[in-house]
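Undergrad: Below you'll find the structure I mean.
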Amino acid sequence: TKTIRNIAYAPEHGFRGEADLYLPADTADATCLLVIHGGGWRAMDRFRFNTVCEMLAQDGYAALNANYRLTGDDPWPACGDDCVRAAQFLLAGGHPAMAPLDRRRIVVLGASAGGHLALMTGLQLPPERVAGIVDIAGPADLTTFWDVHGPERFGHLFGTPHATPAMLEAASPVTYVTETAPPLLCVHSGNDRLVPLSQSELIAEAYAEHGRSCEIHEYPGEGQAHGIWANETPSPPLLPHIRDRINTFIRSVTA
């Protein structure tokens with residue numbers, strides 16, 4: 001595998017407009033993923049997902065591991081706009097190393113706040129350009145999520161603790177599910193109290209209402225956080241069963 005670092009997909013944003021491209025040993029027609037880190041929309045960076053992207057490359061995929069602007073500097077929708085722009089950069093082959101890849105349809109993957117951003121990105125791109133979405137413990141309906149966590153913890157998302165119902169709805173992936181929504185895999189621990197399993201169930205219901213395919217990989221993760229990591233290193237690998245389930249999903253939607 002090979003990694004090309006510090007690709008500027010949005011040069012005006014400096015570090016926050018950069019991404020790393022992880023390439024498999026065989027790049028010819030390799031499936032492409034946009035990978036989006038978590039951190040509550042206001043913390044972390046793409047390096048959190050280095051090991052995940054290395055694994056994806058080992059499994060034969062190309063992964064664009066993208067930064068985005070954090071809400072402490074730029075409230076919503078800046079982070080959402082950046083992720084859509086990173087996806088468009090990948091689809092357009094914005095770097096020469098992307099030329100041999102299969103960029104007709106991409107998979108969008110993210111965890112926690114990155115799961116929310118993966119949903120928003122995958123549901124807002126032209127549906128014919130998205131093979132699938134992998135949402136790992138992401139908030140899908142901010143209206144109900146606000147009831148759980150409230151503005152005290154995530155008021156920074158909008159730059160104000162006084163988010164209106166219209167603001168919450170406009171930033172909720174469930175709002176964007178249509179009859180052409182891409183296939184979706186939700187990965188969620190039943191013990192998650194940070195982002196409750198009900199968030200994945202809500203978007204699964206929206207998918208069902210529109211006759212679209214959504215699968216939930218539910219499991220009893222350790223602890224009351226997301227329970228997705230195999231260890232506590234700065235860039236941890238996903239638990240093996242999660243990696244396997246994601247692999248199965250990607251193969252099914254790109255066959």
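Undergrad: Give the shape of region 124-255 as rounded, prolate or oblate, defined through the alpha-carbon gyration tensor: a ≥ b ≥ c are the square roots of its eigenvalues, a/c under 1.5 means rounded, and otherwise the shape is prolate if a/b is larger than b/c and oblate if not.
TA: Numbers: a/c = 1.92, a/b = 1.10, b/c = 1.74.
Oblate is the answer for region 124-255, as a/c is 1.5 or above yet b/c matches or exceeds a/b.
Undergrad: Ignoring ligands, DNA and RNA, what accessible area per residue does region 199-255 give at 1.4 Å, in Å²? Walk me through the numbers before you get to the answer.
TA: On the way: 3120 Å² over 57 residues.
Result: 55 Å² of accessible area for each residue.
Undergrad: Explain nothing, just the number: relative contact order of region 162-220, from Cα pairs under 8 Å at least 6 residues apart, as a whole percent. Show your work: numbers first, answer last.
TA: Values: 61 pairs, mean separation 24.6, N = 59.
Relative contact order comes out at 42 percent.
Undergrad: So if R0 is 25 Å, what FRET efficiency would R5 and A28 give, r being the distance between their Cβ atoms, rounded to the nearest 0.05?
TA: In this case the efficiency is close to 0.65.
Undergrad: Still on this model: Evaluate E = 1/(1 + (r/R0)^6) for Q58 and T178, where r is the Cβ-Cβ distance and R0 equals 45 Å; express this FRET efficiency to the nearest 0.05.
TA: Numbers: r = 35 Å, r/R0 = 0.77.
The computed FRET efficiency comes out at 0.85.
Undergrad: Taking Cα pairs under 8 Å and at least six residues apart, what relative contact order does region 124-255 come out at, in percent? Can you show the working numbers first?
TA: Numbers: 187 pairs, mean separation 35.6, N = 132.
Relative contact order comes out at 27 percent.
Undergrad: Next question. Using a cut-off of 14 Å between beta-carbons, work out the net charge of the residues near T178 (Lys and Arg +1, Asp and Glu -1, T178 not included).
TA: The answer is -2.
Undergrad: Relative to a virtual label point 7 Å from the Cα of A166 in the Cα→beta-carbon direction, which members of region 133-154 show backbone nitrogen distances below 19 Å?
TA: 142-144
Undergrad: What shape does region 165-227 have by the C-alpha gyration tensor, where a ≥ b ≥ c are the square roots of the eigenvalues, rounded means a/c under 1.5, and otherwise prolate means a/b greater than b/c and oblate the rest? Display every interim value, and only then the final one.
TA: Numbers: a/c = 3.17, a/b = 1.46, b/c = 2.17.
Note, shape of region 165-227 comes out oblate.
Undergrad: Whenever you get a sec, line up M55, M167, M98, M44 from highest to lowest accessible area (probe 1.4 Å, protein heavy atoms).
TA: Working: M55 40, M167 60, M98 0, M44 90 Å².
Greatest to least solvent exposure: M44, M167, M55, M98.
Undergrad: Oh, and also: Under a Cβ-only charge scheme (Lys and Arg +1, Asp and Glu -1), can you give me the dipole magnitude of region 11-134 about the Cα centre, in debye to the nearest 20?
TA: Values: 10 positive and 14 negative charges, 44 e Å.
For region 11-134, the charge dipole is close to 220 debye.
Undergrad: Of (1) 12.1; (2) 18.9; (3) 13.3, which one was derived for mean projected area of the Cα convex hull in nm² from the structure shown?
TA: Of the listed options (1) 12.1; (2) 18.9; (3) 13.3, (1) comes from this structure.
Undergrad: Quote the relative contact order of the chain in percent (integer), defining contacts as alpha-carbon pairs under 8 Å separated by 6+ residues. Mind dumping the intermediate values first?
TA: Numbers: 563 pairs, mean separation 43.3, N = 255.
Computed value for the chain: 17 percent relative contact order.
Undergrad: Below 15 angstrom from the Cβ of D74, what's the summed charge of the other residues (Lys, Arg +1; Asp, Glu -1)?
TA: On the way: positive: R16, R42, R69, R85; negative: E12, D45, D73, D81, D82.
Taking every other residue near D74 into account, the sum is -1.
The values are calculated or read from the model by the stated rules, or taken from the named source; none is laboratory data. What you are looking at is a predicted structure, and each value in this text was computed from that prediction instead of being measured. Cβ sites come from the backbone with ideal geometry, for glycine too, and all protein chains shown count toward neighbours. Note: areas computed on protein heavy atoms with side chains; ligands, DNA, RNA excluded. Shrake-Rupley method; radii C 1.70, N 1.55, O 1.52, S 1.80 Å.
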